[in-house]
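Chemist: Below are the C-alpha cells for one structure; questions will follow.
The values are calculated or read from the model by the stated rules, or taken from the named source; none is laboratory data. Everything numeric in this text was worked out from a predicted model, so none of it was measured. Cβ atoms come from the backbone with ideal geometry, glycine included; neighbour counts cover every protein chain shown.
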Amino acid sequence: MQFVVILLTAAIAGLICALIAGRGKACLALAGLVMVIGMALGILSHSARSADSRPPGPVPGAEAMRKATHPLWLVLVTPFIAGVGVLAGGSLKRSR
C-alpha cells in the first residue's frame, strides 16, 4: 500500500511539474532531485538509528513500535519508485 501511495503522489507531482514547466526536461530534473534527496535522507535516517541491544526477555509492544525501523532495502527502493512516479506523471501531460 505504501508503494501505491508514493507512486500516486509522485505522479501528481510530475503532472503538476509538466503543467507548470510546459516544455523541457523539468520532470526529468524533478525525478532526479527526488531520487537524490530521497536516497540521502533515507540513508541518513537509517544510519542515525543505533542498533541498541535488546533487553533479555519480552519487550512491551509500545517500546517495540517506538524502536522499529524500516528495512534498508525499503529505504533504498522508495526514492526510485517516487522518481518513476514523477516521470509517469510528467508523461501524462505530453500524451494529451
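Chemist: Tell me yes or no: at least one residue of segment 70-86 is in a helix (DSSP H, G or I), modelled with pLDDT of 75 or more and polar (S, T, N, Q).
Modeler: yes
Chemist: Condition first: touching a Cys at 6+ places or on another chain (Cβ under 8 Å) and in contact (Cβ under 8 Å) with a residue 24 or more places away in the chain. Can you find one or more residues in segment 1-16 that meet it?
Modeler: Scanning segment 1-16 turns up at least one residue that is touching a Cys at 6+ places or on another chain (Cβ under 8 Å) and in contact (Cβ under 8 Å) with a residue 24 or more places away in the chain.
Chemist: Which of (1) in a helix (DSSP H, G or I); (2) over 17 Å from the mean Cα position of the chain (by Cα) does L7 not meet, given it meets every other one?
Modeler: Tallying (1) in a helix (DSSP H, G or I); (2) over 17 Å from the mean Cα position of the chain (by Cα), L7 fails exactly one: (2).
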